[in-house]
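Read the structure below first, then the notes.
The values are calculated or read from the model by the stated rules, or taken from the named source; none is laboratory data. Here the structure is a predicted model, which means the values were calculated and not measured. Cβ atoms come from the backbone with ideal geometry, glycine included; neighbour counts cover every protein chain shown.
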C-alpha cells in the first residue's frame, strides 16, 4: 500500500512537468508561451532557454536591406516554430516576434495557413495595408499581433488591395510588433 501511494505521489509531481513540456506555445498580446512581452524589453538568452524548454534557442545573424541584425530561432526537432528579432540599434532589446509554424496559434486562434476571410471572422475590425516592399498585412488598430498574408494576384505590384481581392489570401507569418499607425 505504501508503495502504491508513493508511486501516485511521484506521478502527480511529474504530471505537470510532462504536460507543460509537451504543450505547444501560444502567442498573446503581451506574452508568448510563459514569456511576458513588452516593447523594447531587454532579452536574455539564458531566460529564453529556460522559458522555452523543451524547444531549442539558437542565436543567429540575419540580413536585410539595412544593417545585419541578431535574432533567436526557436526550434524543436530541427523544425522552426518562431524567431525573436532584436532591435537593429541594440541587440539586447526586443523588436518583434515572427511565428512561422502552423502549430502555433495566437490568442484569437489564428494560425499560419488561415485565410483573410477566416481572420475577418475571428477579428472583425481587421484592416489591410501593403508596405513599400509589397508585403501585405492584416492588422487591428491597437493590437500587438498582425498577419502577413499573400495569395494570387494578376497585375503589377501595388499597395491598395481591397478586402474582396485578398479574402482567399493566406497567413504566412504571425507577427508580434508595435505598430506605428
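The table that follows gives values for the structure above.
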item	result
Condition check for residue 86: in contact with a strand residue (DSSP E or B) (Cβ under 6 Å, 6 or more places away or on another chain), without any contact (Cβ under 8 Å) to a residue 40 or more places away in the chain and under 24 Å from residue 144 (Cα atoms)	no
Close pairs from the range 120-133: first farther than 15 Å from residue 174 by Cα and assigned by TED's automatic domain parsing to the domain that holds residue 166, partner exposed (fewer than 15 other Cβ atoms within 10 Å of the Cβ) and at pLDDT below 90, Cβ under 7 Å, at least 6 apart	130/159
Sole exception among (1) surrounded by 13 or more Cβ atoms within 10 Å (Cβ to Cβ); (2) in contact with a strand residue (DSSP E or B) (Cβ under 9 Å, 6 or more places away or on another chain) for residue 141, by number	(1)
Criterion (farther than 14 Å from residue 171 by Cβ and out of contact with any helix residue (DSSP H, G or I) (no Cβ under 7 Å at 6 or more places or on another chain)) met by exactly one of 117, 53, 42	42
Matching residues, the range 157-181, being crowded, with 17+ Cβ neighbours inside 10 Å, outside any strand (DSSP E or B) and in contact with a helix residue (DSSP H, G or I) (Cβ under 9 Å, 6 or more places away or on another chain)	166, 169
Pairs with Cβ under 7 Å, 6+ apart, first in the range 40-59 and within 15 Å of residue 90 (Cα to Cα), second in a helix (DSSP H, G or I)	59/45
Subset of the range 139-156 [farther than 14 Å from residue 126 by Cα and in contact with a helix residue (DSSP H, G or I) (Cβ under 8 Å, 6 or more places away or on another chain)]	151, 153
Those strands (runs of 3 or more DSSP E) lying entirely in the range 62-134 with at least 1 residues modelled with pLDDT of 95 or more and loosely packed, with under 14 Cβ neighbours inside 10 Å	79-86, 127-130
Restricting the range 142-181 to residues that are under 24 Å from residue 95 (Cα atoms) and modelled with pLDDT under 90, the residue that is nearest to the chain's Cα centre (by Cα)	178
